[in-house]
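The values are calculated or read from the model by the stated rules, or taken from the named source; none is laboratory data. Quick caveat: nothing in here was measured; it's all calculated off a predicted structure. So basically every Cβ, Gly included, is an ideal-geometry build from the backbone, and we count neighbours across all protein chains shown. In case anyone asks, the SASA skips ligands and DNA or RNA and just uses the protein heavy atoms, side chains included. Shrake-Rupley method; radii C 1.70, N 1.55, O 1.52, S 1.80 Å.
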Amino acid sequence: MENLIWWQYALIGAIFIWSGFVRSGLGFGGAVLALPFLLLVKNDPLLFLPIISVHLLVFSSWIAWQGAKKTKQQAILAAERGEAPKEEQGNIAWGYLKKALGIMIVPKLIGVFGLLTLPGNIVTGVIFIIVSIFAVSYILNKPFYTNNKFLDTIFLMLGGYVSGTSLIGAPLIVSVFATKVPRHQLRDTLFVLWFILVMIKMVSFLIAGIDLQLIHQLWLLPCALLGHVFGQKLYNRIQKAETPVFFQFVGWALLIVCGFGLYSTFML
């Protein structure tokens with residue numbers, strides 16, 4: 001990034017503000033909605049993926065810490081009332097998270113080490129098309145429930161594999177989590193999941209000797225933080241919406257993410 005000119009740095013900073021806004025507001029989509037724009041500035045995915053990964057680790061840790069603090073306060077209040085704390089009162093659905101990780105971990109590792117020979121753009125394209133169908137069903141207020149453990153497993157495995165080869169497996173993973181995790185727990189549960197998946201990805205970057213662009217984190221992290229603050233305001237508004245409105249919002253977000261994802265996969 002040292003060879004870029006001033007307007008490229010300005011655009012990259014603005015894009016990371018946008019990325020932080022989306023990531024904080026929705027809990028997903030920060031990478032997919034930022035990468036197409038970043039690649040228009042400099043067509044080098046390995047230049048930006050480590051930066052996005054570090055941002056995910058930082059902000060997912062922050063959200064998890066805030067959630068743990070809130071959960072502790074709720075547990076103290078429940079104890080004072082003589083009530084036993086329940087998982088659904090917290091901000092993270094630990095039960096389903098552990099179950100999903102058990103399904104995704106092997107495909108994730110396979111994706112990281114590139115042991116499959118399936119063309120990456122074909123796999124990614126199929127996933128975005130599938131998620132687009134989910135998104136349209138949400139927009140029409142007819143959320144698609146598979147009620148089929150086999151399909152859920154396939155979707156999670158595909159999402160895990162693609163998140164291993166890149167950082168764009170979120171839409172398919174979210175399409176399953178959105179119907180299995182209470183909405184007040186969805187964002188924070190996804191953040192914990194992203195932290196674990198990105199840690200695995202970071203190990204692959206270190207093994208491959210990829211430059212993590214740590215110097216540029218000094219000015220790009222504040223950019224992402226600015227977006228994060230505004231995204232938190234969006235998240236608070238989403239939580240106050242009625243359930244059909246919530247699913248419609250998620251549907252539109254997924255559809256936009258898929259549109260940008262398909263564009264960056266087949267057009268860039």
- Item | Single match in Ile110, Ile76, Ile103 (criterion: over 26 Å from Ala253 (Cα atoms), at pLDDT 85 or above and of a type outside the set (Gly, Ala, Ser)) | Ile110
- Query: Failed condition for Asn91, given (1) part of a loop (DSSP other than H, G, I, E, B); (2) open to solvent by less than 70 Å² (accessible area, probe 1.4 Å); (3) modelled with pLDDT under 75, with all others met?
  - Reply: (3)
- Query: Could you list, in sequence order, the residues of the stretch 220-266 that are outside any helix (DSSP H, G or I) and either among the aromatic types (Phe, Trp, Tyr) or touching a helix residue (DSSP H, G or I) at 6+ places or on another chain (Cβ under 8 Å) (or both)?
  - Reply: Ala241
- Note on the structure: If we keep only residues of the stretch 145-190 that are among the aromatic types (Phe, Trp, Tyr) and surrounded by 16 or more Cβ atoms within 10 Å (Cβ to Cβ), then the residue farthest from Leu97 (Cα to Cα) is Tyr161
- Item | Identity of the residue in the stretch 1-19, of a type in the set (A, V, I, L, M) and in a helix (DSSP H, G or I), that ends up surrounded by the fewest Cβ atoms within 10 Å (Cβ to Cβ) | Ala10
- Among the residues of the stretch 198-242, the number that are surrounded by 13 or more Cβ atoms within 10 Å (Cβ to Cβ), closer than 21 Å to Phe48 by Cβ and free of Cβ contacts under 8 Å to residues at least 40 places away in the same chain is 1
- Message: Checking the structure you have, find out if any residue of the stretch 123-131 is part of a helix (DSSP H, G or I), open to solvent by 70 Å² or more (accessible area, probe 1.4 Å), in contact with a helix residue (DSSP H, G or I) (Cβ under 9 Å, 6 or more places away or on another chain) and at pLDDT 75 or above.
- Response: yes
